[in-house]
Structure formats: structure tokens, C-alpha cells
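Here the structure is laid out as C-alpha cells; the discussion comes afterwards.
Quick note: the coordinates plus some simple rules give every number you see, no bench work behind them. Quick caveat, the model's predicted, so the values are computed rather than measured. Counting neighbours? That spans all protein chains shown, and the Cβs are built from the backbone with ideal geometry, glycine included.
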């Protein structure tokens, strides 16, 4: 009757030693510590570099470009920080607490700009704002030839562009925070005589502070890493300076010095974010699972809310993507068939190989690291894992400088002994290293989250059902963790694809990616030609955004 | 081969963690087809005992027998996967990536899998939900899937670890009745761990009360409640009034008068009177005074001061008692004496 023949008497079963456990443990967490160490070295070397400053160099930088760079960097951080905070929080409050036309759609669609890299947005806007571009043309048609058009090709324009691409980070986290607290806490506030506006300022906003700080933190990390957008808008920042010194003047020593300064700014921001987050927790007990009662916005108010959301979406996604599509179509029609496909194919192959390799490598290392933290539970391993996640807060150019500092001596040593050339710094190895340092946190988080889903009791229950440790690994642990690895892999893949500064600085000769190609063409004002690689990046970048939208569906 | 008398036997189990003794000689025998509850406060070792029977923990001393065969002792221990023991966890531990069918079928092999799964799902009243994912089920349904999954490979004994504590109170009584019916229908030997005395008393054929790593008493629910062997057991399995008394043979004299004992005793004792044994009779010159009343609907609890005693009585819902009112206290049934 029972499929598994339990009715026949069991043969006497072998007794195993109680100490023979399914898990194999090493004495020391060597592998995790080694991985964390390798990832942390570039950051540490750069920090050491900072302690031994080259005074002459700094004096020269200070007397020329440095004050302006620092000023611009701070202005950009302040502008984009405030801009994304206001737009992201405002939109999140609108869609979680109010009801208006197309709300359900806009709720998700507002995440779309995440797929657009800032520099792509930058060059599209540069063209739109150009004298011959559609905006100025329309302006002249409307107000006459001499009408002064507001000058946006400056820091102000850069702030607007970056705010438009980056607000979804704040939006996403603010929305989650409002949703979580909305049901119970806000109703409690209103029962105490607080109206909606007061409840927003007094309850919702302070409660969401940790989420908002985290969102703005992510925004500013992206802001700091950008050098291309600010270059398009002639607003040089420290990040731009590092790339200029390195790539333009081939002065890697000066670039490294400047990068260490940029690292200080980035770490300062990280500390600020931690401070703002404070000790408050993200979630609230007992406040989950209730859908807030949304305020219905009727008549013009509803349409105004719709217009606000749709307007942001149009500016931040519809307009740039539409322009890219138009350019791409024109470009394809104008090209000689048969030739551009091979060129394009080569870039695609380069990009996918790099992104795929980096994703695979990062996820595998993250797996070992996460398993190590789980198996040993010591402060040492946990601290090492945290240190290895630091790269995510650092701009790509900083990491490129750190990787160079790490690998150059090794290269020289190898050269001295074996007479080889720059086999590490001049090859894909250096680039992959930089990607792992930069995006370890992304992979680690996904893998770790999926490992948390495998509770010890699941393993135990599987064993009472007669499953061998191997079957438990194959049927229970692996499928649950594979999803996390896949998710982490996709995120790293797309992040690498969108990454520009480290790729530009460390790429081996002839190893151009879609991003580098698009950037180079755009920098030379070949916008139409840049559209095809740029659009490819956006399309691939949509994958994780769509996954994010679906995940939101499930939890809502 | 004749069936052994006991499905599960624990003999003098000991276990120490970090020099802290958790089990200090636990012995327990479970007859085939019986439901036994391990009842005790948290940290008493009941879960460790259960996990030893399952094969997740190894004893430092003593032995575990299933169907008369040693599966674990101080020297060796059979791994959990060959013990044919079913387990239902507090948090159910359903496999989140497998649907209901796949969860229940996990422990099955061979070509009659589908029939067995269908049989199990019908048994737990979830027929037709095969394709649902765990997160699409209610808490009660998830628990029944966990139960079906544990029962499917026809285990020799089913272990349940605090199976009802994740359910809200309103649902708990109903689910308890359902699970009880399913277990009886399946005719399975089951060991249930709980800290809830009501759960243990209502569900089990026998209850083993555990304190500090030892079994204090094993008895049928009613015996346990009426004839506990220690004050600690008496207080843990239900509300208790202890009155100082002087015993002589089958009677004891206390502030409430002469009581009949259930066993011989002599000398200074404390007698146990359950709240429902105290009957309150409204009387203007009664020696008792009502202090407070809690009304539950089906019953009510009344606090009474009697001389310098503070008593708790339980009555049906018919009479109305108001604080300040005077009453006489009449004792029903026999009292149990504990030597001072």
C-alpha cells in the first residue's frame, strides 16, 4: 500500500557514530577570510595611501582644479540628495496613501528609470537641450528667435538629470516603509486627532527616516561614481577628476591620490547615512499586512496627482527611451547591412563575457562567504564579510585605483622573475577583480537572504522523511539558494553592464564594452550612433526592474 | 515477530550542554497507538527529549528504543533519516519551493506515490489543494499539510513539537479537535510536546509532566489533574488552592471544616482543592466574602477571602456573585493531601 515498502521488516540498520555529522567543518574559516581579505585589500591600500600624501601634488592640485572639484562634488551631492529625497518621498506618499487614475500602474512603472544608466540619461538630455535640439527649437517657435532659453548645461542640469534617474531608490524604500507603517500606526495617529498632513510630517516621515536615509545613501553612491554625466554638463567633480588624470593625462599617481580623497568623501557619506538611520529598526512590530485606506482624490486633484507621477515618468523614462529608440531606428536604416552587426556583435560578446564572468565569480565568492558566516558565527568572519561589502559604497574610480595599487606590485614582481608583461593590470583579471570588489555586497545580500529561508527545521523534517544529507542538499537547500544566487547574479550582471568608470580605467586594450562604446560615441556627440549600445544596456537593465515589480506584486 | 509492547521507550536519558544538565535521567514509555503529551515549562527538557527520539540529538547516557530496538544510546545513534519517525514542527517547516503535493510526496518513493498523497490529503481534509504553494495556505492549512507530509511514509511514531502555538487562540481549539481526530483515525503512536496544560489534558491519552530535566509524573489526564503526586505538578496542570490541614487517616481538618481525603495521610499536610471543588452558597452570615469575580460565559471564577485564606472558586454561570457579598464555602469531592 505505502509506496515506500515500509511494511517489510527493516534490516538491522547500521549505527553511525554520533560525532559523524552531515556538515564538514574546517578548524579555521580560512576560505571565507581569504576571500574577504582579497576583496578588502584594495580599499585598505588606498587608505594607507591617504596616510602618506604627496604634498607637492596636493599643493599643485589645490592651486588649480581641486577647490572647484570639491565644491562641485558637494553641490552635486546636496542637489541630488535633496532632489531625490523630495521626489522619491513625495511620489511614494502619493501612491501609497492616495487613490487616483492609473495609480496601480504608476505605482510600479515609477521604478522604470532604474534601468537607465545616468550617463545615458545625461547624453540624451544633452542632445534634447542642445541649441538645435527639440526643446530649444520649440522654445524659439513659441517665444521668438531671441527669447533667452534657461541655461541648463551646467551643474543645475546635471543635478536634474541625476535626480531623474536616481529617485527610484528613494521611492522604492519610502514606498515600502509607508506601506508597512500605514495600516496601524497612521490610524492610531489619526485616532489621536492628527489629520493626514500632520500625520505625514509627525509620524510617517520620522518613522520612514531609516528607509529614506538608506535610499538617499544608495542615490549618493551612484552620484559619486558618476563622471560621465557631469563631464557632459561641464561640471567637473572629484570622480571626474580621477578619470581625467588617469585616462586623459595618464597620470596614475595623481589619479590615485585624488581617488583616496574621493574615498574619504564616500566613507563620510556612508557614516552619515548610518548615523541618520540611527538605531531605529526598519520594520514595525504588529504593523504589517494591513492595506492602508487610501484617500480618494476626485476631480482635478486626482488628475493633478496623475500628472505629477506621469510627468516624472515621462521625463525620466519615456522621453530618453523614446529618443534612443528613434535614434537607433535612424542609425540602423543608415548603416550598411552586414558590417555593423559584426561590430555590434563584438561589443555584445565582450560585455556579456565580462558581465557574466563577474556575476558568476562574485556569486560564487558570496556563497562561500555567506556559508562561512553561517557556519562559524564568529565576530571575525562577520566583520570580514562586512568589510568586503564596503566596495558598494565606493565609486568605481576609487576601486580602480585600489585595484591598481594592489596588482601593480604583483605584476612588477612577476615581471622581474618571469619577464612577463602586465599580466594582471593589463588583462581582464584586473577588471574582474574590480567588479568583485565593487559588487560583492549585491551578490552577498541576495545569497544571504536566500540562505535565511532554509530553516534548520526544514533540513530536519526532510531527514525524518528519510532523505539523506545529499538529497536534502539537492532537493531543499540548493533550489532555495539557487534562486538567490540567480537573483544576485542578475543584479551583478546588470550592474557590471552599467558600470563605467572602473571599466574605462582598467579595460585591457581592445576590450571595449557596450557602455564604454556608448560613452565614447556620446562624448564625441555621435548621439545617434551611441543609441544602439545605450538602448541595449537599458533593455537588459529592465530585467531586474521587472523582477522587482513582480516581487512587489507578491508582497502587496 | 510479535509486536513489542511499547512503540517508544526512553530509558534514563541524560544530556548536558555547556556543563548545564538538560536531561537528568528521563524515562518514558509510549504504548503503540497512544498519544502521549510531554508537558512542562520552557527549558524543562521536553523538546530535547523529543529531538532525541527523532534523532537530531544524541544522548550522553541512557537509550532510546523504537519498536523494541535501540536506535540511540551513549555510544551510537541511528541517523534521523533511517528511523522512520515523523515530525511536525512548531513552524511547520514546509518546503516553500514545493507545492502541497510535492511536500506530502517528499518522503515517498515508488509508483503509488500519487495514491498515497491523495489518501493523506483526504485524511487531513485538504483534497484538491495539491497545486497550492505553502504561502498560499492559511496557518491551519499549512499545519495540516505538515501533518499529512509526516504521516505519508507511515512512520512508526509521530512527533509533534508545540504544534498549536503558531495558531491564534480562536483557531487553536478547533484545530486541536481536528488533529486529534486525524491522529486517532490514522491509529498512530504520537508524542506531543507542549507547555499548555489544557492542550495536553484534552489531547493526550497520557501526560508526562517534566520539570528540570526529569519526568515528575506520568498519568492519564484525569488522574494527573485529580491525583498529582507533587505540589509542583498540581499547580502546573491547573489552578490549585492549597490549605494547611491536619490529617488523620482518610480525613483532614482545615479552616473549611473536615475534608475526606483520597488517600491515607497523617500529620500536618497541605490539602489540594481545585477551584471547581469549592461551592459557594449565598448566605448572610457566611464566613466567606467575595473579593472579585471574572465572568467567562460558560463558567466564572470567584475570589473569596475566608478568614486569612484567599481562595479561588469556579462555578457555572448561573449564580450571580458581587464583591462584598458573604458566602459559605462547601467542599465537593475528595481532597488530596501533600505532606508538609
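The table that follows gives values for the structure above.
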quantity: Test: residue B:11 is assigned to a helix (DSSP H, G or I), in contact (Cβ under 8 Å) with a residue 12 or more places away in the chain and buried (at least 16 other Cβ atoms within 10 Å of the Cβ); calculated: no
quantity: Filter result for residue A:480 (surrounded by fewer than 22 Cβ atoms within 10 Å (Cβ to Cβ) and more than 9 Å from chain B (Cβ to nearest Cβ)); calculated: no
quantity: Meets criteria (surrounded by fewer than 24 Cβ atoms within 10 Å (Cβ to Cβ) and away from chain B (no Cβ under 14 Å)) for residue A:473; calculated: no
quantity: Enumerated strands (runs of 3 or more DSSP E) restricted to the stretch B:53-107, each holding at least 2 residues that are within 7 Å of another protein chain (Cβ to nearest Cβ) and touching a strand residue (DSSP E or B) at 6+ places or on another chain (Cβ under 6 Å); calculated: B:85-88
quantity: Qualifying positions in the stretch A:489-509 - in contact with a helix residue (DSSP H, G or I) (Cβ under 9 Å, 6 or more places away or on another chain) and over 15 Å from residue A:540 (Cα atoms); calculated: A:500, A:501, A:502, A:503, A:504, A:505, A:506, A:507, A:508
quantity: Residues (farther than 14 Å from residue B:85 by Cα and facing chain B (nearest Cβ under 8 Å)) located in the stretch A:458-467; calculated: A:458
quantity: Some residue of the stretch A:525-539 being part of a helix (DSSP H, G or I) and within 13 Å of chain B (Cβ to nearest Cβ); calculated: no
quantity: Residue ID - surrounded by the fewest Cβ atoms within 10 Å (Cβ to Cβ), chosen from residues in the stretch A:418-457 that are within 14 Å of chain B (Cβ to nearest Cβ) and within 20 Å of residue A:486 (Cβ to Cβ); calculated: A:452
quantity: Filter pass, residue B:114 being within 21 Å of residue B:190 (Cα to Cα) and part of a helix (DSSP H, G or I); calculated: no
quantity: Any pair with Cβ under 7 angstrom, 6 or more apart, that starts in the stretch B:17-43 at a residue that is under 17 Å from residue B:65 (Cα atoms) and ends at one that is loosely packed, with under 15 Cβ neighbours inside 10 Å; calculated: B:25/B:12; B:27/B:12; B:31/B:5; B:32/B:3; B:33/B:187
quantity: Given (1) in a strand (DSSP E or B); (2) out of contact with any strand residue (DSSP E or B) (no Cβ under 6 Å at 6 or more places or on another chain); (3) within 22 Å of residue B:227 (Cα to Cα), number of the condition residue B:310 does not satisfy; calculated: (3)
quantity: Residue match in the stretch B:93-103 (condition: closer than 22 Å to residue B:66 by Cβ and crowded, with 20+ Cβ neighbours inside 10 Å); calculated: yes
quantity: Residue list for the stretch B:138-147, filter: surrounded by fewer than 21 Cβ atoms within 10 Å (Cβ to Cβ), within 14 Å of chain A (Cβ to nearest Cβ) and either touching a residue at least 24 places away in the same chain (Cβ under 8 Å) or touching a helix residue (DSSP H, G or I) at 6+ places or on another chain (Cβ under 6 Å) (or both); calculated: B:139
quantity: Residue ID - nearest to the other protein chains (Cβ to nearest Cβ), chosen from residues in the stretch B:108-123 that are in contact with a helix residue (DSSP H, G or I) (Cβ under 7 Å, 6 or more places away or on another chain) and within 30 Å of residue B:9 (Cβ to Cβ); calculated: B:108
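Every residue, every condition in (1) under 30 Å from residue B:227 (Cβ atoms); (2) crowded, with 19+ Cβ neighbours inside 10 Å, yes or no:
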{"position": "B:132", "(1), (2)": "no, no"}
{"position": "B:136", "(1), (2)": "no, no"}
{"position": "B:149", "(1), (2)": "no, yes"}
{"position": "B:153", "(1), (2)": "no, yes"}
{"position": "B:160", "(1), (2)": "yes, yes"}
{"position": "B:163", "(1), (2)": "yes, yes"}
{"position": "B:185", "(1), (2)": "no, no"}
{"position": "B:194", "(1), (2)": "yes, yes"}
{"position": "B:197", "(1), (2)": "yes, yes"}
